[in-house]
């Protein structure tokens, strides 16, 4: 047979063309283009913060226009605009161009891992606590504690919020946690009970003051509306419906669904909830509700959509979750039941005589900005980040352009109502999200030090008379509710403790998690849970608590 | 002449029709449901009132969807990536399949084996990322179309199809002085339209639906394809409790539920529209590739 070597040509051509077709280009995001040398940032944020807002050269962080590549999560509700008004203003004001790499939040984790694994991080990047703990020790991020004198604004804010130091790694800060500056409109709220207040009135009931009273109220609901689901829930983002029920109700009922700090046990200590005696009360109560049809029979499998459908159609009458949803549900339900109302009510007393519930944490401890050690713009990146924690930086990154979008009145930034009006008049479904997106301000934008005043006060501004009154009444109720507590951050663990803890956690969760539904559904008598507790503590729950409590003592 | 069927035969036909009707409904209803929820009032969708027909139909959801400028840019990008990507796929797949289909090609068994190995083993995400980066393709269209220039499975189907063409046809062309390029582009490809049309569909659908490599290799938002933007809307949702405050109950004409459906309709519609044009080649093309070896 005649051998035809020349047939190799098309095959080789295909490979060569594939390679030849690519023109070498500078990989975007892997290195910053124009850099400002360390000497070009002589004043860092101190000067920038002290200067006026006229964009004069004294506010510059760099002598020449410098670029900083920043990778952030891009949410669909408030898309990141690479040329938002604030970014343009910052460029003029600081002589720093922020190049935003907006990665969709749905894919952010994948991209982040690849960039970290290949050491191709942009100058500044958003990561979570788990990434911080995993990669900081490997030298991937700039050690901020070693640069303390260059970060006066940041460390001033940290000193005002000492709990944040718990997010350090081996006593050193490697990240700029996303932190909250106290502001007007920033009222405490959390995953609280929301109930059909119109039915409370209709059936001549009072808001339940204890969980036992809640049980009675739900029974009355069920008697009067036999086809309804008195209490429902949804699944969590990455957790099951069962876990969501426990995450929202275990602490108010006197225990916890995972490792948490319990002020009411032993004068305050870290406890792994499901391996503690008090957890039996949580399971007993939920089983009682389940057995009598008061808890949604589909509690373990409810999705967010199913939950919304049940709450909007009058099929379900109460939930423990984010209270903001009640307005959606109420408006939808009013088309079917014009008198329907949903309201939040105060923290109930549990069977241990405690009134307690978590409110959302003050800061965003799972959201961090880090400066890449491989960045060619470390000095500029640090200067910029410190500026953002200063007063002016925080004002601009949360309220927009001074004089255009907000004014400083008695030292407090106040958004112009004309700006709000323009966004409301635009008729979108989420004016405050549009505001944050277009202006490039607040939490959805690249803002490490967040002041939610602009968006939260705008929401209040949009409410009509009665809704505004109810909203204010809820806020006042929460402010007066002594049972609402901020969660306590986990103590910083050494690398060895962290690895051991994760190892134990996996073993213990394998024991307890499959048991929850059995007890809630009554497949096992509650007395048998003692054996589960025993197994969990032997498998490592006790050691996990010891690791946390020892680390907490060391931290203190 | 009409042939009388037995009772058993008629019973079988009836059951068959009912069963296939049921299967068709099961297959079509989800798509139909997406369509009717996308044009229904958001409140009705939220309350679970939409089952067989749209409730208070309107195009508000599509108006909201299309108000987003990113979508048009992304649509254009997807279109470009799909066209360019499919062209490159076909070109390289044919260039690779042709020599492997010739019995006179020395070492084709070894090369085929090496190529088939890539169906089962790959370097993994990070090595591929580093290769793309070191070739300078990051944040360019080439990063999207070149790493997937050849799909081994599709290339083997094309090769098998080429193999079925009589050797004498090639030999007669060679006697007439045709070289391999002429034989490939003037003879082999024209007589393989069925399989190539099928490949167009396979490759185009895969490019149209792709989002992961685009997310990985593209950094500039204006280069994102449609799927990245829409997936983000699907996963993270678009609206919040604020919708109520903004305009009361009336603003509920669009909700996350209707938007999700609209996104799905918007994404699948273009590719569904392409299908009828290549459908006649589809079965024939796959059969050629799969049955003859």
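Evaluated at q = 0.15, 0.16, 0.19, 0.25 Å⁻¹, a Debye calculation over the C-alpha positions of the stretch A:459-551 (equal weights, vacuum) places log10 I(q)/I(0) at -0.77, -0.79, -0.90, -1.18. Highest mean packing first, where packing is the average number of other Cβ atoms within 10 Å per residue, the peptides A:350-362, A:248-260, B:193-205 line up as A:248-260, B:193-205, A:350-362. Need one value for A:318-325: mean number of C-beta atoms belonging to other chains within 10 Å of its residues' C-beta atoms. Per residue, the number of nearby Cβ atoms from other chains is 1 on average.
Helical runs assigned H by DSSP (4 residues or longer) give the protein assembly as shown a calculated mean residue ellipticity at 222 nm of -16000 deg cm²/dmol, each run adding -39500 (n - 2.57) before division by the residue total. Shielding by partners for peptide A:464-474, expressed as the average number of C-beta atoms from other protein chains within 10 Å of each residue's C-beta, is 1.
Bin width 10 Å, alpha-carbon pairs only: give the P(r) of the stretch A:109-265 as whole percents, running from 0 to the bin holding the largest distance. Spelled out per bin, shortest first, that is 8, 23, 26, 21, 13, 9, 1. How large is the Rg to Rh ratio of the protein assembly as shown when both quantities use alpha carbon positions and Rh follows Kirkwood? Reported Rg/Rh, Kirkwood definition of Rh: 1.01.
Peptides B:266-278, A:213-225, ordered by how many other C-beta atoms sit within 10 Å of their residues on average, highest first, read A:213-225, B:266-278. Hydrodynamic analysis of the stretch A:389-532 uses the Kirkwood radius over alpha carbon pairs. Inserted into Stokes-Einstein at 25 °C and 0.890 mPa s, it gives a translational diffusion coefficient of 123 µm²/s. How many percent of the alpha carbon pairs in the stretch A:292-338 exceed a separation of 11 Å? Everything past 11 Å amounts to 69 percent. If the segment from residue B:167 to residue B:49 were pulled out straight at 0.36 nm per residue, it would be longer than the present Cα-Cα gap by 36.2 nm. Take each residue in B:47-60, count the other chain C-beta atoms within 10 Å of its C-beta, and the mean is 2.
Each residue of the stretch A:216-276 gets 102 Å³ once the volume of the Cα convex hull is shared out per residue.
Counting every alpha-carbon pair across the stretch B:32-77, the share separated by more than 15 Å comes to 47%.
Computed on the stretch B:68-291, with alpha-carbon pairs under 8 angstrom and 6+ residues apart, the relative contact order is 34 percent.
Compared with the dominant Cα axis of chain B, that is its longest principal axis, helix B:7-38 is turned about 70°. Exposure proxy for A:175, B:210: other Cβ atoms within 10 Å of each Cβ, ordered fewest to most, give B:210, A:175. Antiparallel beta bridges, as assigned by DSSP with both residues in chain A, represent about 55 percent of the total such bridges. The share of alpha-carbon pairs in chain B lying farther apart than 26 Å comes to 61%. Its Cα gyration tensor gives the stretch B:1-157 an equivalent ellipsoid; the semi-axes, largest first and in whole Å, are 44, 34, 14.
Quick note: the coordinates plus some simple rules give every number you see, no bench work behind them. What you are looking at is a predicted structure, and each value in this text was computed from that prediction instead of being measured. Quick reminder, even Gly has a Cβ in these numbers, built from the backbone with ideal geometry, and neighbours come from all protein chains shown.
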